[in-house]
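The next block holds one structure in the form of structure tokens; read it before the comments.
The values are calculated or read from the model by the stated rules, or taken from the named source; none is laboratory data. From a predicted model like this one, the values you see are computed outputs, not experimental measurements. Please note: Cβ atoms are built from the backbone with ideal geometry, for glycine as well, and neighbour counts cover all protein chains shown. SASA here: full protein model, heavy atoms, side chains in, ligands and nucleic acids out. Shrake-Rupley method; radii C 1.70, N 1.55, O 1.52, S 1.80 Å.
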Amino acid sequence: QVLLVESGGGLVQAGGSLRLSCAASGRTFSSYVMGWFRQAPGKEREFVAANSWSGGSTYYADSVEGRFTISRDNAKNTMYLQMNSLKPEDTAVYYCAARLGAVLSTSSTVYNYWGQGTQVTVSS
């Protein structure tokens, strides 16, 4: 079992930055594919970014490419999402997710473990 806890959400003005954190339990954090998803009211959950440390790969949704950066501190069992140049359309509840493996996926159905979510609100 993997427990995930997101933090770092909040209210920020358009153009600002925010860094989300996802703290994970477990002994082999580097063995998990980690992803970030978001869900706005009335919309389906959408892929944001994912990283496979063991696979040496990172992938971003087109909507956040160049603005968001995913990273991991394996020693701390923590994943981060650095969000720059935020836009109002980035407003959503952000979730971190994990699955054991090395292959990246943009599909939420592939991930076995989910955090509780953290609210990000970007004002215009």
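Please give the charge dipole size of the stretch 47-124, origin at the Cα centre, charges +1 on K and R Cβ atoms and -1 on D and E Cβ atoms. Round to the nearest 20 debye.
In debye, rounded to 20, the stretch 47-124 gives about 200.
Suppose every Lys and Arg Cβ carries +1 and every Asp and Glu Cβ carries -1, with no other charges. What dipole size does the stretch 1-81 come out with about its Cα centre, to the nearest 20 debye?
200 debye
Compute, for SER85, the solvent-accessible surface of its heavy atoms (probe 1.4 Å) with the complete set of protein chains present, and express it in square angstrom to the nearest 10.
Rounded to the nearest 10, the figure is 60 Å².
When all protein chains stay in place, what accessible area (Å², nearest 10, 1.4 Å probe) is found for VAL5?
80 Å²
Name the longest site-free stretch of the chain, where the excluded sites are GluC sites (Glu not before Pro) in a DSSP loop with no more than 11 other beta-carbon atoms within 10 Å.
Longest run free of exposed loop sites: 66-124.
Note down the nm distance, to one decimal, between modelled labels 7 Å out along Cα→Cβ at ALA14 and at LYS43.
Computed distance between label sites ALA14 and LYS43 equals 1.4 nm.
Could you provide, to the nearest whole Å², the per residue accessible area of the chain with probe 1.4 Å?
50 Å²
Report, to the nearest whole %, how much of the accessible area of the chain belongs to carbon and sulfur atoms, 1.4 Å probe, protein only.
Carbon with sulfur: 48 percent of the solvent-accessible area.
Quote to one decimal, in nm, the extra length available between ALA23 and SER7 on full extension: 0.36 nm per residue of separation minus the C-alpha distance between them.
Contour length minus Cα-Cα distance gives 4.9 nm.
Rank these by accessible area, largest first, 1.4 Å probe: ASP62, ASP90.
ASP62, ASP90
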